[in-house]
């Protein structure tokens, strides 16, 4: 079994965190093709993303509290097994409605992976050390959205849209094998009170009444919301409006995502020197600057894919700086209920992103401006929230 403070354990937790995003990024190049194959509109195809994210949020509500009582490892294995089974089922979808339903079920399974990875980090580490570990995980996880769209573009161009779901199933199966063989159980003691729906609801109420949790949650939700606006709209904008092929789209998307990897690498170094909140403020500045630069470029009539990709790379650098630290800050006050706190954090983060994704799908037309405007708004909001959190003083 892997030991704490090892790169191997960090890499395994990063893989678990990456399975969910990979399940989005891997099939992004196939979205226009899905519309043609199933005769579906852009909003209908968009529901395979937004529906996935909504159910990804709902699933996170369940796994954390259960893992607080029965352990991280058995819950994680059950979640991953469901995910693999549904990935294989998606290959046989015969309509867009069927694919939407299967994507929702797929999300319910994979939702357990990031929740339990964050809970394991909180089991093992505290404070700045937890923030640094989440940033290190993020720097490894950042490889997923760099590799996945390019790989998805190759799979789409060579084998068609079903191949991406086979790739997802293979990834999930790999995760199951590694968890069985290498992951230790990290939950030290289960809560003394019995698990019930009422106790779970009361616990969520405690989290939401905690001022520190609320402000970090808001930063996570706003910054991630801009990312999901990009995920939801970039495939249609860059392929349908800018004329890129699936493979070229994947390469442009991957290039922009390199910013996230850079941000997490910077965060792992900065947080031990300047602390969590100052690192988040640095991220907020990059988030706002990237979003505003994208909106300005589109408003001024820029027509190159670089007008979207370069500002988004800056935005994602800010996300890599701000989001892992905000997650660590939100979980810090709740060492005994790390699973439940991680669940609520993930649920509200993903629910916000799902709503933004639906809005992007409805607003997209003959211009990239709606996409850029939402990214800019989320970046500015994240910066304002980071500055407010900084003014609150130390975490209590």
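Tabulated data
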| read-out | value |
| --- | --- |
| Residue identified as within 30 Å of residue 65 (Cα to Cα) and touching a helix residue (DSSP H, G or I) at 6+ places or on another chain (Cβ under 6 Å) among 386, 376 | 386 |
| Residue match in the stretch 95-110 (condition: crowded, with 24+ Cβ neighbours inside 10 Å, at pLDDT 90 or above and farther than 18 Å from residue 350 by Cβ) | yes |
| For residue 256: the one exception among (1) farther than 20 Å from residue 49 by Cα; (2) part of a helix (DSSP H, G or I); (3) touching a residue at least 40 places away in the same chain (Cβ under 8 Å) | (1) |
| Matching entry among 344, 381, 364 (being closer than 18 Å to residue 121 by Cα, crowded, with 21+ Cβ neighbours inside 10 Å and touching a helix residue (DSSP H, G or I) at 6+ places or on another chain (Cβ under 7 Å)) | 344 |
| Selection count, the stretch 283-334, where residues are outside any helix (DSSP H, G or I) and under 13 Å from residue 256 (Cα atoms) | 1 |
| Flag for residue 74 being crowded, with 24+ Cβ neighbours inside 10 Å, at pLDDT 85 or above and assigned to a helix (DSSP H, G or I) | no |
| Qualifying residue in the stretch 50-66 (condition: in a loop (DSSP other than H, G, I, E, B) and touching a residue at least 40 places away in the same chain (Cβ under 8 Å)) | no |
| Selection from the stretch 33-49 of residues that are assigned to a helix (DSSP H, G or I) and modelled with pLDDT of 85 or more | 33, 34, 35, 36, 37, 38, 44, 45, 47, 48 |
| Lone qualifier among 299, 322, 353 - being closer than 20 Å to residue 380 by Cα, surrounded by fewer than 24 Cβ atoms within 10 Å (Cβ to Cβ), out of contact with any strand residue (DSSP E or B) (no Cβ under 9 Å at 6 or more places or on another chain) and in contact (Cβ under 8 Å) with a residue 24 or more places away in the chain | 299 |
| Out of 163, 169, sole residue that is free of Cβ contacts under 8 Å to residues at least 24 places away in the same chain, more than 21 Å from residue 187 (Cβ to Cβ) and touching a helix residue (DSSP H, G or I) at 6+ places or on another chain (Cβ under 7 Å) | 163 |
| Sole residue being within 21 Å of the chain's Cα centre (by Cα), in contact (Cβ under 8 Å) with a residue 60 or more places away in the chain and within 18 Å of residue 54 (Cβ to Cβ), chosen from 148, 144, 130, 113 | 113 |
| The listed residue being surrounded by fewer than 24 Cβ atoms within 10 Å (Cβ to Cβ), touching a helix residue (DSSP H, G or I) at 6+ places or on another chain (Cβ under 7 Å), modelled with pLDDT under 90 and over 23 Å from residue 251 (Cα atoms), out of 281, 285, 272 | 272 |
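The values are calculated or read from the model by the stated rules, or taken from the named source; none is laboratory data. Keep in mind that this is a model prediction, so the values were computed, not measured. For neighbour counting, all protein chains shown are included, and Cβ atoms are generated from backbone atoms with ideal geometry for every residue, glycine included.
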